[in-house]
Amino acid sequence: MTAASTTQGARRAESSFVRVARYTGVRLIAVLVTVVVGVYLTILIANMGGYVDEIRMGQIREAVGLMAGANPDLPFMSDEERIAYVEQLVAIEVERLGMDRPFLLRSFTYLANALTLNFGRAEQLISDSGSRLVRLIIIERLPSTLYLFATGQLLLFGSAILLALYLSQRYGSWLDRLVVALAPTSAAPGWFYGIFLILIFAGILRLLPFGGMVDTPPPADRLQYALSLLKHLILPISAILMGALWQTTYFWRTFFLIYSREDYVEMARAKGLPPHLVERRYILRPTLPAIVTSFALQLISMWMGAIVLETVFRWPGIGQLFFRAIGSYDTPVLLGIVVTYAYLLAVTVLVLEIVYAILDPRVRIEGRKAEA
């Protein structure tokens with residue numbers, strides 16, 4: 001290899017890196033703008049025209065009433081003095097929380113805090129370590145959610161794509177007809193099947209635990225802890241697969257069927273290429289952009305189902321935390337979780353954009369219009 005060709009290859013690699021960096025930067029800015037707008041709209045909607053402020057004022061008065069009741073001098077005060085004393089404590093607490101300012105001004109403060117993950121202190125909930133900081137409460141629960149859904153989605157993607165590719169080459173077989181018949185069952189969400197899985201395998205057969213992440217108390221040995229975690233993952237991941245596998249396989253099998261009838265695929269078969277090479281190189285590769293797009297959209301919708309699924313299986317993630325925060329009217333925790341979901345969805349979209357550009361050669365990295 002000559003020095004000129006080496007230099008040319010280095011320049012080409014550097015140019016590709018710059019284009020990828022520019023493309024990623026543009027997409028990142030677009031996603032951040034979307035997140036900012038979405039978070040601010042969430043803050044406006046969460047206030048519900050002042051209703052949330054009324055709830056917080058009621059909570060402040062309740063807390064102040066309990067604090068004032070502990071004052072030994074309160075029974076010796078007149079009614080007017082009691083009322084003035086309580087109102088003074090309420091005014092101090094309202095000023096401390098910034099509730100004395102107009103909501104429009106507070107909304108921008110809420111936006112800045114949300115974007116910097118400064119969600120303040122929870123009003124009712126506490127973390128496992130005893131902290132009321134919303135950020136710590138969410139950070140404690142987020143790994144559990146990511147572990148459950150990352151495992152479930154990877155298994156769903158791998159099993160669906162392999163099964164769909166297998167069925168596309170065996171159109172009309174009994175297995176193909178079975179998958180087509182089972183596709184409508186995926187209309188029910190995963191938590192719906194989770195209830196029946198718990199009833200059968202935990203309640204009747206007693207083979208698997210009812211819920212939770214590990215046994216109680218947690219095993220001290222790492223191997224035993226990992227085995228306990230895997231045992232508790234079986235039912236929720238099975239529920240995720242039952243709620244999406246057949247429909248996903250049916251959709252992707254249709255994509256593969258369309259591409260498997262192309263002329264270049266028939267030409268590859270006529271040349272005598274092995275079937276697995278034809279499937280991987282001439283069917284799977286050109287179909288991957290559409291597959292990844294549909295899977296990302298499905299993944300976004302499944303993130304929303306995490307709340308109910310984690311509640312059904314008592315999985316200690318942010319979905320179950322969200323349900324508890326709703327029941328306790330803990331507004332800071334609710335907003336913190338909503339913003340966390342917004343970031344998760346933004347990351348999902350950003351990764352989709354980059355992967356799509358890598359997979360589809362028709363998408364120009366520098367962000368110009370795609371060429372046919």
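Within the range 159-175, the set of residues being out of contact with any Lys or Arg (no Cβ under 6 Å at 6 or more places or on another chain) and more than 15 Å from residue 238 (Cβ to Cβ) comprises 161, 162, 163, 165, 166, 169, 170, 171, 172, 173, 174, 175. Would you please name the residue that is nearest to residue 288 (Cα to Cα), looking only at residues in the range 149-171 that are at pLDDT below 85 and surrounded by fewer than 21 Cβ atoms within 10 Å (Cβ to Cβ)? The extreme case among them is 169. Within the span defined as the range 294-315, one or more residues are at pLDDT 75 or above, out of contact with any Cys (no Cβ under 9 Å at 6 or more places or on another chain), among the hydroxyl-bearing types (Ser, Thr, Tyr) and closer than 18 Å to residue 160 by Cβ.
Per this entry, residue 137 is counted among residues that are under 30 Å from residue 320 (Cβ atoms) and in contact (Cβ under 8 Å) with a residue 24 or more places away in the chain. Identification of helices (runs of 4 or more DSSP H) wholly contained in the range 167-277 with 2 or more residues that are acidic (Asp, Glu) yields 263-270.
With (1) surrounded by 10 or more Cβ atoms within 10 Å (Cβ to Cβ); (2) modelled with pLDDT of 80 or more; (3) in a helix (DSSP H, G or I) as the list, and residue 80 as the residue in question, which single condition is left unmet? Among (1) surrounded by 10 or more Cβ atoms within 10 Å (Cβ to Cβ); (2) modelled with pLDDT of 80 or more; (3) in a helix (DSSP H, G or I), the lone unmet condition for residue 80 is (1).
Give me the residue from the range 56-73 that is more than 17 Å from residue 125 (Cα to Cα) and either of a type in the set (D, E, K, R) or not assigned by TED's automatic domain parsing to the domain that holds residue 84 (or both) and, out of that set, modelled with the highest pLDDT. Give the derivation first.
As a first pass, look at the range 56-73 and keep what is more than 17 Å from residue 125 (Cα to Cα): 57-58, 61, 64-73.
Okay, now just the ones that are also either of a type in the set (D, E, K, R) or not assigned by TED's automatic domain parsing to the domain that holds residue 84 (or both), so 61, 73.
Working: 61: 82, 73: 74.
Ranking the qualifying residues of the range 56-73, first place goes to 61.
Condition check ((1) under 24 Å from the mean Cα position of the chain (by Cα); (2) under 27 Å from residue 315 (Cβ atoms); (3) surrounded by 19 or more Cβ atoms within 10 Å (Cβ to Cβ)) across all residues:
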position: 207; (1), (2), (3): no, yes, no
position: 231; (1), (2), (3): yes, yes, no
position: 234; (1), (2), (3): yes, yes, no
position: 240; (1), (2), (3): yes, yes, yes
position: 247; (1), (2), (3): yes, yes, no
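Quick check on residue 94: is it within 19 Å of residue 124 (Cβ to Cβ), part of a helix (DSSP H, G or I), modelled with pLDDT of 80 or more and more than 34 Å from the chain's Cα centre (by Cα)? The answer is yes for residue 94. The residue pairs whose first member lies in the range 180-197 and is touching a residue at least 40 places away in the same chain (Cβ under 8 Å), whose second member is part of a loop (DSSP other than H, G, I, E, B), and whose beta carbons are closer than 7 Å, counting only pairs six or more residues apart or on different chains, are 189/305; 190/305; 191/305; 194/313.
The requirement of being under 30 Å from residue 351 (Cα atoms) and modelled with pLDDT of 70 or more is not satisfied by residue 11.
Select, from 152, 98, the only residue that is not hydroxyl-bearing (Ser, Thr, Tyr) and not assigned by TED's automatic domain parsing to the domain that holds residue 244. So the residue among 152, 98 that is not hydroxyl-bearing (Ser, Thr, Tyr) and not assigned by TED's automatic domain parsing to the domain that holds residue 244 is 98.
The values are calculated or read from the model by the stated rules, or taken from the named source; none is laboratory data. Source: prediction; values computed, not measured. Neighbour counts run over all protein chains shown; Cβ positions are idealised from the backbone, glycine included.
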